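Peer 1: Pasting a structure below so you can have a look.
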Amino acid sequence: MDQIRLYTVQVPDYMKTAVKILFQGDDEVVKAHLPDQLENIRVIADECLKLSDQTEKHFTDVLKIIQELLEACVNAEHFCGEEMEAIKKKLEESKLREQSALETKKRTEKAVSALEKELEQARESYKKALDSLPS
């Protein structure tokens, strides 16, 4: 999850650079450098999406293991009454972790969506800039 944060921190700099390139007005500079900036943003968005999917899978795997352990403990409840209470607390913690993982995924998906919107806006700005240049 920290990698996602590290990636998304870079996006505003790429966006600033892209806007600077667009406002320079030199068509050759725009054609030479803007696609690279937009590609950098796209790569970050793709990488963040991949990392969020991996994070979700890891959380899901851990949750499944915890649930299996809890089921085994429930079956052995008559042997270990006091330990059962501790396991129930762990189940609640795992549910909270699952909820946190889902919230993290939602935030990541929103961030990716926002990045995609920014990318589309940058492309539209680029297209408008190219269209407004005299032929």
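Read-outs: derived from the displayed coordinates by stated rules, not from any lab. Every value quoted in this text rests on a predicted model; they were computed, and no experiment measured them. Glycine also receives a Cβ, built like all others from the backbone with ideal geometry; neighbour counts cover every protein chain displayed.
Peer 1: Hey, does the stretch 56-75 have a residue that's among the charged types (D, E, K, R), in contact with a Ser or Thr (Cβ under 9 Å, 6 or more places away or on another chain) and in contact (Cβ under 8 Å) with a residue 24 or more places away in the chain?
Peer 2: yes
Peer 1: To continue, here is another question. Can you give me the number of residues within the stretch 16-28 that are part of a helix (DSSP H, G or I) and either among the charged types (D, E, K, R) or out of contact with any helix residue (DSSP H, G or I) (no Cβ under 6 Å at 6 or more places or on another chain) (or both)?
Peer 2: 7
Peer 1: Out of all the residues in the stretch 103-113, which are farther than 16 Å from A45 by Cβ and either touching a Phe, Trp or Tyr at 6+ places or on another chain (Cβ under 8 Å) or touching a residue at least 24 places away in the same chain (Cβ under 8 Å) (or both)?
Peer 2: Result: T104, single match.
Peer 1: On to the next question. Only one residue in E116, E39, E85 is without any contact (Cβ under 8 Å) to a residue 40 or more places away in the chain, assigned to a helix (DSSP H, G or I) and within 30 Å of the chain's Cα centre (by Cα), so which one is that?
Peer 2: On inspection, the qualifying residue turns out to be E39.
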